[in-house]
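Novice: Take this structure first; my questions come after.
The values are calculated or read from the model by the stated rules, or taken from the named source; none is laboratory data. Everything numeric here is computed off the predicted structure, so don't read it as measured data. Positions of Cβ are backbone-derived with ideal geometry, glycine not excepted, and every protein chain shown enters the neighbour counts. Just so you know, the surface numbers come from the protein's heavy atoms only, side chains and all, with ligands and any DNA or RNA stripped out. Shrake-Rupley method; radii C 1.70, N 1.55, O 1.52, S 1.80 Å.
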Amino acid sequence: DQIDLIKILEKKGFTYKIADGIYFDSSKLKTYGRLWPKKMKLKAGARVKMVPGKKNPTDFALWKFTPPGVKRQMEWSSPWGKGFPGWHTECVVMSIKFLGIPFDIHCGGIDHITLHHTNELAQAEAAYGKILANFWAHSEFLILKEGRMGKSEGNIIIVAVSYTHLTL
């Protein structure tokens, strides 16, 4: 299903190939970045190292090639060569397959606005001419005395919740 989505994007002219994979050309989608805060500015290379050959800092990988001589745990054959799908592509395909397009509410942390959710939305719009979800809900980080709470920080607090499901 992920390969099929990339083929649609390729057929519609939204992709290009560079040494390490197939990329989405964000400059080809007029609505790219619609979820971003109005004053947001991106700085190329600030979050991740710049990939040689990318046309725009906002372009993202749809399919990453497995480097020669490397055997990855998860890799598949594709029309472009052996490799694996980009994170955003996986989520778009799963969401549409199980929830339809558009589905009602897409949730996540505020850190997903600028890249992950923006790139999911871009793929769905470019491929199908529809928005991925009707509403996008983003939560702030929980802040502890030491800083933000996160699995990678090793400071998760688990809140016990109880609920009752009633039926007539």
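Novice: Modelled label-to-label distance, LEU144 and MET50, 7 Å Cα→beta-carbon offset: nm?
Specialist: Reported label-point gap for LEU144 and MET50 is 3.8 nm.
Novice: Note the full-extension length gain between LYS11 and ARG72 as 0.36 nm times their separation in residues minus their Cα-Cα distance, in nm to one decimal. Show your work: numbers first, answer last.
Specialist: Values: separation 61, 0.36 × 61 = 21.96 nm, distance 2.82 nm.
Full-extension gain reported as 19.1 nm.
Novice: Next question. Can you list the aspartates and glutamates whose alpha carbon is less than 12 Å from that of LYS145, not counting same-chain residues fewer than 8 positions off?
Specialist: Qualifying aspartates and glutamates at Cα under 12 Å: none.
Novice: Okay, moving on. Does anyone have the angle between helix 2-11 and the longest principal axis of the chain? Alpha-carbon axes, 0 to 90°, nearest 10?
Specialist: Taking Cα atoms only, the helix is inclined about 50 degrees.
Novice: Of SER27, SER95, which has the most accessible area with a 1.4 Å probe, and how do the rest follow in descending order?
Specialist: SER27, SER95
Novice: Mind scanning LYS17/LYS49; LYS17/LYS71; LYS55/LYS97; LYS12/LYS71; LYS30/LYS151 and naming the pairs with a C-alpha gap bigger than 26 Å? Could you put the intermediate results ahead of the total?
Specialist: Working: LYS17/LYS49 18 Å; LYS17/LYS71 21 Å; LYS55/LYS97 30 Å; LYS12/LYS71 32 Å; LYS30/LYS151 36 Å.
Going by Cα-Cα distance, LYS55/LYS97; LYS12/LYS71; LYS30/LYS151 fall outside the 26 Å limit.
Novice: Taking all protein chains together and a probe of 1.4 Å, list ILE158, ILE105, ILE8 from the most accessible to the least accessible.
Specialist: Numbers: ILE158 150, ILE105 105, ILE8 55 Å².
In descending accessible area the options line up as ILE158, ILE105, ILE8.
Novice: Quick one: ranking MET94, MET149 by accessible area, 1.4 Å probe, largest first, what do you get?
Specialist: MET94, MET149
Novice: Compute the angle between helix 118-128 and the longest alpha-carbon principal axis of the chain, please, reported from 0 to 90 degrees and rounded to the nearest 10.
Specialist: 60 degrees
Novice: If you roll a 1.4 Å probe over the chain with all protein chains in place, what percent of the accessible area is carbon or sulfur? Each step should come with its number before you reach the end.
Specialist: Numbers: 6620 of 11350 Å².
Carbon-and-sulfur percentage of accessible area, whole number: 58.
Novice: Here is a further query. Work out from phi, with θ = phi - 60° and the Karplus expression 6.51 cos²θ - 1.76 cosθ + 1.60, the ³J(HN,Hα) of each residue of segment 23-34, listed in order in whole Hz, and give x for Gly and Pro.
Specialist: The phi angles translate into 10, 8, 8, 5, 5, 7, 10, 4, 8, 4, x, 4 Hz.
Novice: Between LYS30 and PHE135, what is 0.36 nm times their sequence separation minus the Cα-Cα distance? Round to one decimal in nm.
Specialist: Details: separation 105, 0.36 × 105 = 37.80 nm, distance 1.98 nm.
Full-extension gain reported as 35.8 nm.
Novice: Which loop trypsin sites (Lys or Arg not before Pro) in segment 99-156, with loop taken from DSSP, have no more than 16 other Cβ atoms within 10 angstrom of their Cβ?
Specialist: On the way: sites: LYS130, LYS145, ARG148, LYS151; in loops: LYS130, LYS145.
Filter output for segment 99-156: LYS130, LYS145.
Novice: Please report, to two decimal places, log10 I(q)/I(0) for the chain at q = 0.11, 0.14, 0.16, 0.20 Å⁻¹ as given by the Debye formula with identical point scatterers on the Cα atoms and no solvent.
Specialist: Relative scattering, expressed as log10 I(q)/I(0), comes to -0.56, -0.86, -1.06, -1.38.
Novice: Build a GNM of the chain with springs between Cα atoms under 10 Å: which of GLU153, GLU125, GLU75 gets the top mean-square fluctuation?
Specialist: Residue with maximal mean-square fluctuation among GLU153, GLU125, GLU75: GLU153.
Novice: Follow-up. With the chain treated as a Gaussian network of Cα nodes joined by springs under 10 Å, which of LYS82, LYS28, LYS71 yields the largest mean-square fluctuation?
Specialist: Answer for the Gaussian network model of the chain: LYS71.
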